[in-house]
Amino acid sequence: MHKSTTLFNAEELYQHAFKKIGLATIYRFLKTAEDAGEIHSFICNNRKIYSLGKKNHIHFHCEKCGLITHITIKNADFLHEELPGKVCHFQIDITGICDDCLKKIV
């Protein structure tokens, strides 16, 4: 598999394969790789995206303007204490009001 350092979706992998194989084959490959733990999937903008690494995927969604921002949490050790098992990767969706919308309220 091509060593990607970023997140990707099935269509991007299909484009990278130069359309030499069908999109259905790409989806079967991704499901097999995910089932085997070789890749991880997340939902982003209502699309399934994949990562070769065990990265986490976190969104902040503004309930006023709809802005979705990707954020990074440097330390998620608190999850290890709360869950009854080992964390592999995670996705968190946080809803609130962004700074720009807060400024309009005040």
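Residues in the range 48-85 that are under 18 Å from Glu34 (Cβ atoms) and touching a His at 6+ places or on another chain (Cβ under 9 Å): Ile49, Tyr50, Ser51, Leu52, Gly53, Lys54, Lys55, Asn56, His57. Can you name the residue in the range 47-101 that is assigned to a loop (DSSP other than H, G, I, E, B) and charged (D, E, K, R) and is also surrounded by the fewest Cβ atoms within 10 Å (Cβ to Cβ) among such residues? Going through the qualifying residues, I end up with Lys74.
To keep it simple, each residue is scored yes or no on (1) in contact with a helix residue (DSSP H, G or I) (Cβ under 8 Å, 6 or more places away or on another chain); (2) in the same structural domain as Ala10 (by TED's automatic domain parsing); (3) of a type in the set (Asp, Glu).
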residue	(1), (2), (3)
Ile39	yes, yes, no
Cys62	yes, no, no
Pro84	no, no, no
Ile94	no, no, no
Asp100	no, no, yes
Val106	no, no, no
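Beta carbons closer than 9 Å, at least 6 apart along the sequence or on distinct chains, pair a first residue in the range 6-28 that is under 12 Å from Lys48 (Cβ atoms) with a second that is of a type in the set (Lys, Arg) for Leu7/Lys55; Asn9/Arg47; Asn9/Lys48; Ala10/Arg47; Ala10/Lys48; Glu11/Arg47.
Does at least one position in the range 42-55 carry a residue that is among the β-branched types (Val, Ile, Thr) and outside the structural domain of Ile26 (by TED's automatic domain parsing)? Within the range 42-55, none of the residues are among the β-branched types (Val, Ile, Thr) and outside the structural domain of Ile26 (by TED's automatic domain parsing).
Residues that are more than 25 Å from Lys103 (Cα to Cα) and within 13 Å of the chain's Cα centre (by Cα) are absent from the range 63-75 altogether.
The values are calculated or read from the model by the stated rules, or taken from the named source; none is laboratory data. Since we're looking at a predicted model, the values are computed, not measured. All Cβ positions, even for glycine, are placed from backbone atoms using ideal geometry, and neighbour counts span all protein chains on display.
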